[in-house]
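In what follows, a single structure is set out as structure tokens and then discussed.
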Amino acid sequence: MAELNTGDGGGGKDKKVRSKKQNSKVDLTAMVDLAFLLITFFMLTTTLSKPKAMELGLPDKEDDKTKEKPIKVDENRTMTILLGKDNKLVRYVGLLATPVAGGAPKEFTYGKEGIRKELLKVKKDVLAYSTAKGKPKNGMIVIIKPSKKSNYRNLVDILDEMGIVDVPTYAIVNEFTPEETKLLEGK
Amino acid sequence: MAVKTQKKATSIDMTAMCDVAFLLLTFFILTATAKVPEAMPVDMPASTVQSKLPENNLATLTIGKGKVFFDLKGKEVRIKTLELMAQKYGVEFTEDDKKEFSIMEGFGVPIQNLKQIIEMKSAERSKAGQPGVPKDSIDNQLKEWIYNARIANAEINDKELEFAIKGDAKEEYPSIRKVMDILQDQKINSFSLVTGLRGKNF
């Protein structure tokens, strides 16, 4: 690697000059290696350590409760996810009293094998249902209800699932009906 | 002769390459901003989102252990916000205090005790056991901080201030909701949740 250009000199008088020239050149290979290693390190660490931001838009809050208009949605398209304590979650599809077929309240876990599979399945079912009704654009609606005992990680996890599964409509609702509270406590 | 020319070809002059490499290295080191030590370290939950947090024009509300810490980007905005808050609560700050406040990290004390925190050294602040910005209905200073920061930012940057919530993963939902409610009371319906990065295969 570190060959030095020593032109073939002539007589013995030149010998001294040549040895001086040799000393003046330094092998820079190792130095360049080190410099690029450092550059790579700095570039990677500066971009990777930046925190990510999850955008969250909430609906306008009406101070006057009487002015709030309840929004009616097709219960066949809605899935409600209740976030309970100790990283538990319960979901049902449709209304709690009259869930759609296979949508009775059931406990799931977070992540790939748990709620994601169920979300993808229901999403497909809803799409089939909407297409049958002639409105294929009506996707599924997910209502997220975090209970008082659930933690922030649960909320972020479930919002993340919404992004992964690409649920078109989802909302965070804070009101719990007594039946839903019972459902979470019973589990 | 032929052997000698071959030898010449194997060695490359590294000087220019070395120059470029070190120039880049210097550039990266100088442009990188030093990480400000956090007043309250929190364990952020991870998510798969890729979008990054804005660099300026941002207020961060850190929530952990039931306490809320307030942090704001931009020196001028911070000074202006502090002036507005001082006016509102009738607390005096010297020019030195304001200068120090503009470069310090997030804080979590009532404004009456803010002066003591400003006068501390950076290492002492994290050990000071700051109680969090008061946010209950009797003394809702967090609301005022948010409100005045928005005014200050609108005046200086001529932009609407953005908000980010940085919650601890184990924090229970009601305290997060409380902060969201305070934001929503001021018609801030869109904000960011700060998360860490998670692998794509999650």
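The values are calculated or read from the model by the stated rules, or taken from the named source; none is laboratory data. What you see is a predicted model; the values in this text were computed from it and never measured. Cβ coordinates were reconstructed from backbone atoms using ideal geometry, including for glycine residues, and neighbour counts include every protein chain displayed.
Here are some notes:
- Against the list (1) facing chain B (nearest Cβ under 10 Å); (2) part of a helix (DSSP H, G or I), the condition residue A:126 fails is (1).
- Meets criteria (in contact (Cβ under 8 Å) with a residue 60 or more places away in the chain, in a helix (DSSP H, G or I), facing chain A (nearest Cβ under 9 Å) and surrounded by 16 or more Cβ atoms within 10 Å (Cβ to Cβ)) for residue B:146: no
- Subset of the range B:181-197 [at the interface with chain A (Cβ under 7 Å from one of its Cβ atoms), under 21 Å from residue A:83 (Cβ atoms) and touching a residue at least 12 places away in the same chain (Cβ under 8 Å)]: B:191, B:192, B:193, B:194, B:195, B:196
- Failed item, numbered, when residue B:26 is tested on (1) at the interface with chain A (Cβ under 9 Å from one of its Cβ atoms); (2) more than 25 Å from residue A:151 (Cα to Cα): (1)
- Residue match in the range B:119-135 (condition: at the interface with chain A (Cβ under 9 Å from one of its Cβ atoms), among the aliphatic types (A, V, I, L, M), touching a residue at least 24 places away in the same chain (Cβ under 8 Å) and part of a loop (DSSP other than H, G, I, E, B)): no
- Pairs linking a residue in the range B:11-40 that is within 17 Å of residue B:103 (Cα to Cα) and of a type in the set (Asp, Glu) to a residue that is at pLDDT 75 or above and part of a loop (DSSP other than H, G, I, E, B), with Cβ atoms under 9 Å and 6 or more positions apart or on different chains, are B:38/B:105; B:38/B:106.
- Count of residues meeting criterion [under 27 Å from residue B:43 (Cβ atoms), touching a residue at least 12 places away in the same chain (Cβ under 8 Å) and touching a helix residue (DSSP H, G or I) at 6+ places or on another chain (Cβ under 8 Å)] in the range B:149-180: 11
- Test: residue in the range A:21-39 that is at pLDDT below 75, in a helix (DSSP H, G or I) and either surrounded by 14 or more Cβ atoms within 10 Å (Cβ to Cβ) or more than 14 Å from chain B (Cβ to nearest Cβ) (or both): yes
- Complete set of residues in the range A:134-187 that are of a type in the set (Gly, Ala, Ser) and in a strand (DSSP E or B): A:171
- Among the residues making up the range A:100-132, a single one is free of Cβ contacts under 8 Å to residues at least 24 places away in the same chain and buried (at least 18 other Cβ atoms within 10 Å of the Cβ): A:125.
- Residues in the range B:165-180 that are crowded, with 20+ Cβ neighbours inside 10 Å, at the interface with chain A (Cβ under 8 Å from one of its Cβ atoms) and either in contact with a Leu (Cβ under 6 Å, 6 or more places away or on another chain) or not in a loop (DSSP other than H, G, I, E, B) (or both): B:166, B:167, B:173, B:176, B:180.
- Residues that are within 18 Å of residue A:184 (Cβ to Cβ) and part of a helix (DSSP H, G or I), drawn from the range A:88-121: A:114, A:115, A:118
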